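Please read the structure below before turning to the comments.
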Amino acid sequence: MGIDIGQALREGASRTAAKDGLVLAVAFAGIALLTTVLLQSLTVTLFDSMLSFLQGMSPQEMGIDPAEYEQMISEFEMALENVRSTSPFALGLSAGAAFAGILVLALVAEAASIVAVRVFATESAESASRALVTENILLATLNGFVGGIVVWGLIIVGSLFFLLPGIVLAVLFYFLRQEIALKDKNFVQAMADSWRLTKGNRIEVFIIGVVLVIVSRLEEVSSAAVGTVSTPAGTIVAAIVGGLLTAFGAAVVTRAYAQIDDSAEPSEPEPEDEPDPYDAALGPDDLPR
């Protein structure tokens, strides 16, 4: 069975608008906003540290004349002020703390993406349970995180030579997260099986990817429009719109995946068998009298 692009888009939109989809959109928006805060904090801290480092050196130590030194310091001061003006949510964090926070949020975002795939893979918008979305979540998150780094690394390397190899690799590994989230596979197995699943559907997968990339531009457009009035408001709007689009993208890709993999819907974890009270040695009270 091939991929019906229209069906995937319709189901993705309806599942995003359902209760679980909106909850996931809020979660993605919160993660995006916190990530922006930490990125702005890291950027301001790095520029501030660089300026302090330069100010602590003399023109002679840098091998330039005093006039060039003063011009360089002035340019760095202007750059720092510009960064501060465009980073309204920056906090006074050290570079190490900001970087660590970004890494933690990246893992949280991957866990949320795994949960989103499992929620959107169910046939009904109301059929996702807590046990379903949390089962083996730590291992799935780590595999998704490492797998995403590997795949993006391959795409970037492929794109450095020609654009086409990068696009081909993006299509081949498009269902990496779905294979990890729904089949509990490691990222190597997921890459191989995504390659297999896309066979015969690669044009449709490419079109879905293009559509989602075009739709994702709405985040930049809305942020730029609101940002002309207020930079903080533009950042918040970008997070909200980005959260909705992230949930929508996960829903569309997962519903497309479900069309070509009959076993895509996750099954509820089976409860552990309760011990049989009669599976024991007979006691005196069990013997007939």
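The values are calculated or read from the model by the stated rules, or taken from the named source; none is laboratory data. Quick caveat: nothing in here was measured; it's all calculated off a predicted structure. Virtual Cβ from ideal backbone geometry, glycine too; neighbours counted across all protein chains shown.
Side notes on the structure shown:
- Output for region 221-242, where each listed residue is in a helix (DSSP H, G or I) and exposed (fewer than 13 other Cβ atoms within 10 Å of the Cβ): V221, A224, A225, P232
- Check on G148, surrounded by 21 or more Cβ atoms within 10 Å (Cβ to Cβ), modelled with pLDDT under 95, under 17 Å from the mean Cα position of the chain (by Cα) and not in a loop (DSSP other than H, G, I, E, B): no
- Remark: pairs (first residue in region 192-219, on the phi < 0 side of the Ramachandran plot and of a type in the set (S, T, N, Q); second residue surrounded by 16 or more Cβ atoms within 10 Å (Cβ to Cβ) and in a loop (DSSP other than H, G, I, E, B); Cβ separation under 7 Å; 6+ apart in sequence or on different chains) = S194/F173; S194/Y174; S194/F175; T198/Y174; T198/F175; N201/I3.
- Flag for S85 being crowded, with 18+ Cβ neighbours inside 10 Å and either modelled with pLDDT under 90 or small (G, A, S) (or both): no
- Selected residue [closer than 20 Å to V252 by Cα and of a type in the set (G, A, S)] from A170, A131: A170
- When the residues of region 102-133 are filtered to those that are hydroxyl-bearing (S, T, Y) and either part of a helix (DSSP H, G or I) or touching a residue at least 40 places away in the same chain (Cβ under 8 Å) (or both), the one that is surrounded by the most Cβ atoms within 10 Å (Cβ to Cβ) is S113.
- Odd one out for T231 among (1) farther than 28 Å from G6 by Cβ; (2) under 18 Å from the mean Cα position of the chain (by Cα): (2)
- Filter result for the condition that a residue is at pLDDT 85 or above, more than 29 Å from R84 (Cβ to Cβ), β-branched (V, I, T) and out of contact with any Leu (no Cβ under 7 Å at 6 or more places or on another chain), over V226, V253, V237: V253
- Scanning region 62-101 for residues that are assigned to a loop (DSSP other than H, G, I, E, B) and over 36 Å from the mean Cα position of the chain (by Cα) yields G63, I64, D65.
- Hits in region 171-186 - residues which are of a type in the set (D, E) and in a helix (DSSP H, G or I): E179
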